[in-house]
Amino acid sequence: MTAPDTAVAPPTSPAPWRGMIKRTMTWLDLLYVNQFIRPVILQAAAALAMVEAIFLAERFPMIFRDAIRNHASLWDTLMVFLLTAPQILDFGLPLAITVAVYRTVLDMRENRELLVLSACGLSPSAFLRPPAMIAALGLSVSLLASGFINPLALYAQRVVLFHAAYHHLTTPSPQSQLFQSGTRVLFIPKQPKASTDQAEADSRQAIFLYEPIDSTHFRVIQAHGMHAIGSAPQKLLGVSLSRMTSRIFVTSSGKQTQSDAPCCTPQPPASGNADEDALYAETARKLISLDDILPFPPRHSSGTELTLPELLLPIQKTTTKETAVRLVGERLSRALLCLLAPLMALVAIGQTSPRNRTLALPICCMALLACNVATQWLLRLVVHLGLMVELGVLLVLTGLLAALLLAGLTRSNSRLLLPQLYRA
């Protein structure tokens with residue numbers, strides 16, 4: 001008789017357990033990312049809003065001075081005030097990220113959330129993944145703010161103030177008006193009231209314009225009234241003067257020069273006070289260049305108003321190459337600080353104890369600002385070497401600082417996970 005066949009059970013496969021463990025770790029990873037990203041973004045936004053409020057409060061006197069100088073309305077002043085906000089974004093964003101990461105991770109450590117995640121098997125690389133995501137997001141926002149938003153906002157400020165000054169120039173006003181551009185001075189006194197005698201009003205010369213001709217002569221124009229007839233092409237302003245009188249005067253230095261000149265030299269009018277030296281006209285019209293009254297340089301004349309791609313292009317002739325390289329380096333250096341900000345915050349958390357709990361965050365922010373100052377100083381030394389050398393220095397310096405911070409995190413790994421403030 002043959003022995004009956006015995007069924008051999010197949011070996012148990014550990015694949016289902018591995019899949020369950022993998023799904024559990026993925027869930028923990030996502031839970032950690034959600035608990036980290038959301039509060040960091042909210043706290044960074046709050047910190048950045050505080051930095052913006054302090055900066056705008058400090059800038060308010062200068063904004064108010066520019067608004068008064070250009071006769072801006074309340075709406076124009078508010079527009080200039082809002083357009084000033086992007087100037088501090090690239091500087092305040094690394095500080096905001098540092099504060100947000102520090103506060104969020106510190107709360108998670110003291111609540112033993114990090115300890116529980118580590119006991120569940122979450123790897124050290126998984127702990128660093130959300131801060132790396134925040135750093136990449138901060139880098140993108142900083143480049144967008146400093147490379148595009150802020151330059152365009154600076155140009156928009158000048159446009160708003162220019163239109164306000166131009167509207168004030170071309171719109172009649174019952175108040176006295178004083179315009180000064182370079183060496184030219186235009187004064188329009190307050191118009192007489194309706195009850196004033198008409199003959200006295202007609203004989204009143206309401207416009208006074210001082211205009212230097214050369215080093216020894218200047219012209220004074222007086223007129224009963226002035227009317228701007230609009231803006232012509234090529235940045236020209238049409239002006240119509242009624243009952244105009246133009247006189248040329250000689251300065252004291254010019255009189256001394258004329259007295260020392262030989263007799264055969266042709267002489268200009270001696271004083272300009274005589275009636276025969278004056279030019280009268282019942283109506284005079286003239287096209288005046290707006291640049292002589294309200295100078296408005298083009299956007300590419302100042303490198304601060306150029307976007308990041310425009311600074312990298314060699315077509316801008318008004319901005320020198322050294323200036324463009326310096327501005328690119330400054331913008332990129334502050335953007336790269338966003339990569340170091342989360343690492344600095346984590347290192348500061350590893351050193352936070354009951355003795356220095358009030359000093360760790362301020363010292364971390366001061367260290368970040370010191371990195372910014374040192375980087376700016378170093379860039380001034382290598383700016384003449386070109387853009388590629390400057391970028392190389394920035395990348396090498398950022399890599400060295402990141403390596404040092406990662407080494408510090410490795411040494412204080414246990415202090416980063418275990419609660420240190422002895423909460424109940």
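The values are calculated or read from the model by the stated rules, or taken from the named source; none is laboratory data. Keep in mind it's a predicted model, so treat the numbers as computed, not measured. For neighbour counting, all protein chains shown are included, and Cβ atoms are generated from backbone atoms with ideal geometry for every residue, glycine included. All accessible areas refer to the heavy atoms of the entire protein, side chains included, with ligands and DNA or RNA removed. Shrake-Rupley method; radii C 1.70, N 1.55, O 1.52, S 1.80 Å.
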Just to be sure I understand the model, the point goes 7 Å from the Cα along the line to the Cβ. What's the resulting Asn111 to Arg355 distance in nm? 2.9
Determine the gain in length on full extension of the stretch Leu385-Ala281; use 0.36 nm per residue of separation and subtract their C-alpha separation, reporting nm with one decimal. 31.3 nm
What ranking do 360-369, 238-247 get when scored by the average of other Cβ atoms within 10 Å per residue, highest first? 238-247, 360-369
If you roll a 1.4 Å probe over the heavy atoms of the protein chains, what accessible area per residue do you get for region 317-382, in Å²? 49
Can you check what the net charge comes to around Gln376, using other residues whose Cβ is under 10 Å from the Cβ of Gln376 (Lys, Arg +1; Asp, Glu -1)? +2
With the crude spin-label approximation of a point 7 Å out along Cα→Cβ, what separation in nm comes out for Met133 versus Ser240? 6.8
Under a 1.4 Å probe, counting only protein heavy atoms, Tyr155 has an accessible area in Å², nearest 10, of 70
